[in-house]
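Read the structure below first, then the notes.
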Amino acid sequence: MEIKIFDHLKDYTIKDYYPIFIIVTGYMLFRPYLMKIGAELQKREHRKAGAETREAAVKKALSLEDVDEQFEEETVKNVWGRNARKRQKNVMKQIEKRYERQAEIEANYESDEEIAEFLAE
């Protein structure tokens with residue numbers, strides 16, 4: 001089984017290649033200009049979008065209706081992580097209790113040794 005991909009190109013003449021050549025060279029010549037035009041259009045779009053977002057931010061900061069929404073968002077942020085802070089606080093309390101217990105045990109052990117020394121004398 002032989003695959004004949006380029007067999008149809010044998011029948012092409014120079015006149016058949018002219019349109020392909022013109023299209024390819026035209027694209028190669030105009031591509032840099034097209035890229036510059038595209039970049040300029042993109043810059044304009046970014047500036048426009050940036051200006052719109054700035055205007056929206058200013059309106060949001062100055063409007064009184066948005067103050068309530070901002071307050072609600074802030075309270076939600078303050079609630080976020082509350083349980084984690086409680087767990088951490090409980091863990092710290094447990095660690096402190098362990099250290100206190102260890103200190104009491106060591107103090108009792110030392111006092112037992114002192115008593116034993118006094119009794120031995």
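The values are calculated or read from the model by the stated rules, or taken from the named source; none is laboratory data. Source: prediction; values computed, not measured. All Cβ positions, glycine included, derive from the backbone under ideal geometry; neighbour counts span all protein chains shown.
Points worth noting:
- Each residue in region 1-28 was checked for being surrounded by 10 or more Cβ atoms within 10 Å (Cβ to Cβ) and of a type outside the set (G, A, S), and 11 of them qualify.
- Scanning region 76-98 for residues that are surrounded by fewer than 10 Cβ atoms within 10 Å (Cβ to Cβ) and either at pLDDT below 75 or of a type in the set (F, W, Y) (or both) yields V76, K77, N78, V79, W80, R82.
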